[in-house]
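Below is one structure; the comments refer to it alone.
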Amino acid sequence: MSDRPLPTKDRLILSAATLFRTRGYHGVGLADLLAEAKAPKGSLYHHFPNGKSDLAMAAATWASDEMLRLIAASFDASDTFKDGATTLCFKLAKLFDITGWDTCPIAATLFEGPDNEDFRSHASHIYEGWIKEVHDHAVRLGMSDDDAQAKSEHLFMLIQGGWALARARRSSDVIRQMTDRL
């Protein structure tokens, strides 16, 4: 493992993902982003010409890619949909405990950000990607296309609602118990 620092663009994206998740889009200023990333102001506009909004889209994409990896890791070794969903819920509960009850990074970034079609469209694309990933695993595990779509959407709704309820209760047990509702 190298001790080399991440490239500036990656530091900006990771810092934005963390700050937006913990403080929301409007709770983070450019100075906060630059300080957290230890990056000069010019680098922000070099990598993200539209500034904070472009960075928010990149941070949401990064967070989504992490979720897609988590979904794949949960379902790859599973023999049934319920096994994969259970593993995913347990992994999400652990993430919930690690992040200290923060909000969904996509929601905090794209739904609390500027009210514009680009942000809504990007959020829709990200969420549909998560549903498709689960759907494809469900089909691989023997479900019909229609059942896989219904189960995948249901799991997504449980995750989003479960995360919100877990935040309110300050307990990751809510997330672990979600598969009882599948």
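The values are calculated or read from the model by the stated rules, or taken from the named source; none is laboratory data. Remember, predicted model here, so these are calculated numbers, not experimental data. FYI the Cβ positions are ideal-geometry reconstructions off the backbone, even for glycines, and counts take in every protein chain you see. Quick note on the areas: whole protein, heavy atoms, side chains included, nothing else; ligands and nucleic acids left out. Shrake-Rupley method; radii C 1.70, N 1.55, O 1.52, S 1.80 Å.
Just one of ALA39, ALA73, ALA85, ALA58 is under 14 Å from the mean Cα position of the chain (by Cα), open to solvent by less than 70 Å² (accessible area, probe 1.4 Å) and among the small types (Gly, Ala, Ser); which is it?
So the residue among ALA39, ALA73, ALA85, ALA58 that is under 14 Å from the mean Cα position of the chain (by Cα), open to solvent by less than 70 Å² (accessible area, probe 1.4 Å) and among the small types (Gly, Ala, Ser) is ALA58.
Within the range 88-137, how many residues are of a type in the set (A, V, I, L, M, F, W, C) and under 12 Å from the mean Cα position of the chain (by Cα)?
11
Can you tell me which residues in the range 42-51 are touching a residue at least 24 places away in the same chain (Cβ under 8 Å) and either open to solvent by less than 50 Å² (accessible area, probe 1.4 Å) or at positive phi (or both)?
Answer for the range 42-51, where residues must be touching a residue at least 24 places away in the same chain (Cβ under 8 Å) and either open to solvent by less than 50 Å² (accessible area, probe 1.4 Å) or at positive phi (or both): SER43, LEU44, PHE48.
Can you tell which of ALA108, ALA148 is touching a residue at least 12 places away in the same chain (Cβ under 8 Å), surrounded by 13 or more Cβ atoms within 10 Å (Cβ to Cβ) and more than 29 Å from ARG169 (Cβ to Cβ)?
Step by step, each of ALA108, ALA148 is checked, and only ALA148 is touching a residue at least 12 places away in the same chain (Cβ under 8 Å), surrounded by 13 or more Cβ atoms within 10 Å (Cβ to Cβ) and more than 29 Å from ARG169 (Cβ to Cβ).
Kindly provide the set of residues from the range 136-160 that are part of a helix (DSSP H, G or I) and touching a Lys or Arg at 6+ places or on another chain (Cβ under 8 Å), ordered by number.
ALA138, SER152, LEU158
For HIS154, state whether it is open to solvent by less than 80 Å² (accessible area, probe 1.4 Å), at pLDDT 90 or above and within 18 Å of the chain's Cα centre (by Cα).
Against the criterion (open to solvent by less than 80 Å² (accessible area, probe 1.4 Å), at pLDDT 90 or above and within 18 Å of the chain's Cα centre (by Cα)), HIS154 qualifies.
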